[in-house]
Amino acid sequence: MNAHANVLGFHEPGDGWLFRLPVGIKYLLMLAMVVPPLAAVQWSVTLACLVATLTFLLTSGIHLGRALRLGWMMWSILLTLALFHLATLAPVSAFVRPGNLLVAVLAARMLTLTTPTPELMDALVWVLRPLRPLGVNADQVALAVALMIRSIPYLLGTVDDARMAARARGLERNPALLLTPVILGAVAYAERSGEALVARGIGERPLAD
Amino acid sequence: MIHLDGVSVVVPASRRGDADRTLLADVTLTLTEHRIGIIGANGSGKSTLLRLLNGLRLPTAGTVTSGGFDTASQGRQVRTHVGFIFTDPLAQLVMSTPIEDVELSLRSRIKGRENRTREALRLLEERGLGKLAHQSIHDLSGGERQLVALTSVLAVEPKIIVADEPTTLLDLRNRLALRDTFARLPQQLIFSTHDMDVASDATRVLVVDGGRIVADGDPAAAIRFYERSMAMTP
Ligand SMILES: Nc1ncnc2c1ncn2[C@@H]1O[C@H](COP(=O)(O)OP(=O)(O)O)[C@@H](O)[C@H]1O
Ligand SMILES: [Mg+2]
């Protein structure tokens with residue numbers, strides 16, 4: 001399968017401390033890593049949170065290769081961001097901007113690599129339930145998040161396929177040729193997924209116990 | 001048991017001034033046989049017919065009842081009673097890994113996440129998929145995905161399985177394996193296929209052409225009828 005296809009990764013059972021941490025605490029830990037560097041915009045804060053997040057992952061028995069396997073697309077976005085800021089003679093931004101994005105992705109992976117999606121969904125439902133009077137359907141939000149996690153690899157895969165197809169015809173640099181099949185593919189995939197949800201009766205009954 | 005009574009599916013023309021399109025015309029059927037195959041050319045109406053059976057599509061005229069439930073007014077009960085298998089299992093799997101997908105199906109009948117996880121693993125192991133429980137669905141082969149999709153659908157404990165060309169995307173080995181799995185299901189099974197070997201597994205075969213049932217009965221006779229009609233109108 002496409003090597004890039006896993007920005008968020010997926011859960012495999014493990015016994016490190018992150019795996020055993022209650023999911024609510026993990027959400028808070030994620031926020032504690034993501035928010036400060038965004039607010040501070042200082043290289044030292046970004047570096048500190050980057051090191052901390054990586055340490056959390058590594059000490060939970062997730063080796064560096066698995067922690068950093070974000071796919072070529074994510075890495076090229078990070079590199080592009082860095083080069084852009086270097087070109088505009090902003091060396092601090094060249095570290096802080098992609099650094100903050102990397103922290104966000106790695107912090108999200110602290111959750112997704114160590115928690116089964118159903119558990120993430122239940123936690124979301126629990127958090128969002130008080131918002132019901134405001135018209136927020138917690139079950140649907142949780143289901144949407146789960147669908148998003150499952151769809152990202154597929155959608156990134158179609159980008160890859162479109163790029164290959166365009167290259168095969170020597171038309172690599174034409175963005176329309178790249179985007180059209182990707183968008184058509186995404187719409188068709190969404191339609192089939194929606195149908196599958198209906199067929200399985202998911203969304204017709206509440207998710208939580 | 002599924003009963004279709006005077007069922008038509010008519011969709012409005014895509015351009016104004018054109019005639020409406022009839023996808024299915026006045027079909028009356030009682031489906032009681034254990035294994036029912038549906039064959040017909042591309043675009044003949046097989047998927048439309050199958051989608052009616054669990055209420056994924058509603059008739060524009062007539063009624064469809066599955067297990068005594070009306071698909072139009074009791075959709076929820078119908079979908080618990082009738083499980084649906086799609087051609088492309090990747091679209092059917094809603095979660096990132098097999099175990100999570102089966103767990104999602106179990107939410108309707110098993111309380112407690114731990115109980116669900118245990119039961120999901122048991123069901124996957126039963127189909128020889130235990131080792132794949134925590135793999136990404138994107139890393140599975142087509143045949144494995146189709147078996148996971150089947151496990152998820154069966155987890156709801158439906159009485160009837162409807163499958164729309166379930167073997168079309170599979171290679172020969174996986175096709176044979178799925179046929180074998182299907183053969184052992186206790187549920188009533190209604191499926192469409194382009195594979196005449198698969199069709200001959202049925203006890204009753206329907207031939208669809210232009211939204212009508214043009215042959216219905218013994219598999220050998222129905223398949224012969226279909227093959228002859230295809231040879232005459234290439
Ligand atoms: N929602 C729709 N609107 C208009 N035409 C449709 C729709 N769904 C299917 N069709 C058309 O109905 C015909 C029968 O389709 P289908 O039941 O999918 O056939 P099969 O599964 O036998 O290939 C096809 O010509 C198809 O293009
Ligand atoms: Mg079809």
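The values are calculated or read from the model by the stated rules, or taken from the named source; none is laboratory data. Predicted, not measured: the structure shown is a model, and the values here were computed from it. Because the Cβ atoms are built from the backbone with ideal geometry, glycine has one as well, and the counts that use them run over all protein chains shown. Surface accessibility is based on the protein's heavy atoms, side chains included, excluding ligands, DNA and RNA. Shrake-Rupley method; radii C 1.70, N 1.55, O 1.52, S 1.80 Å.
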- Task: Would you check which residues across the range B:80-99 are within 16 Å of ligand 2 (Cβ to nearest atom), farther than 17 Å from B:Lys46 by Cα and crowded, with 24+ Cβ neighbours inside 10 Å and list them?
- Result: B:Pro89, B:Gln92
- Task: Filter the range B:23-44 for residues that are open to solvent by 10 Å² or more (accessible area, probe 1.4 Å) and within 16 Å of ligand 2 (Cβ to nearest atom) and give the result.
- Result: B:Leu23, B:Ala41, B:Asn42, B:Gly43
- Query: Of the residues A:Leu89, A:Leu70, which single one is in a loop (DSSP other than H, G, I, E, B), in contact (Cβ under 8 Å) with a residue 12 or more places away in the chain and farther than 30 Å from B:Arg116 by Cα?
  - Reply: A:Leu70
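If I ask for residues that are within 12 Å of ligand 1 (Cβ to nearest atom), touching a strand residue (DSSP E or B) at 6+ places or on another chain (Cβ under 7 Å) and within 29 Å of B:Ala221 (Cα to Cα), which ones from the range B:42-78 would you list?
B:Ser44, B:Gly45, B:Lys46, B:Ser47, B:Thr48, B:Leu49, B:Leu50, B:Leu52
Is it the case, given these coordinates, that B:Asp5 is assigned to a loop (DSSP other than H, G, I, E, B), away from ligand 2 (no atom under 16 Å from the Cβ) and farther than 21 Å from A:Gly201 by Cα?
The answer is no for B:Asp5.
Condition check ((1) modelled with pLDDT of 90 or more; (2) open to solvent by 20 Å² or more (accessible area, probe 1.4 Å)) across all residues:
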site: A:His85; (1), (2): yes, yes
site: A:Leu89; (1), (2): no, yes
site: A:Val92; (1), (2): yes, yes
site: A:Arg97; (1), (2): yes, yes
site: A:Leu101; (1), (2): yes, yes
site: A:Val105; (1), (2): yes, no
site: A:Leu113; (1), (2): yes, no
site: A:Leu124; (1), (2): no, yes
site: A:Val127; (1), (2): no, yes
- Task: Give the residues of the range A:119-143 that are in contact with a Leu (Cβ under 6 Å, 6 or more places away or on another chain) and in a loop (DSSP other than H, G, I, E, B), sorted by residue number.
- Result: A:Val136
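Quick check: anything in the range A:40-61 among the β-branched types (Val, Ile, Thr), in a loop (DSSP other than H, G, I, E, B) and touching a Gly at 6+ places or on another chain (Cβ under 8 Å)? Before the answer, list the steps.
Just the residues of the range A:40-61 that are among the β-branched types (Val, Ile, Thr), to begin with: A:41, A:45-46, A:51, A:53, A:55, A:59.
Cutting the leftovers down to in a loop (DSSP other than H, G, I, E, B) gives us A:41, A:59.
Retained after the next criterion (residues that are touching a Gly at 6+ places or on another chain (Cβ under 8 Å)): A:59.
Within the range A:40-61, one or more residues are among the β-branched types (Val, Ile, Thr), in a loop (DSSP other than H, G, I, E, B) and touching a Gly at 6+ places or on another chain (Cβ under 8 Å).
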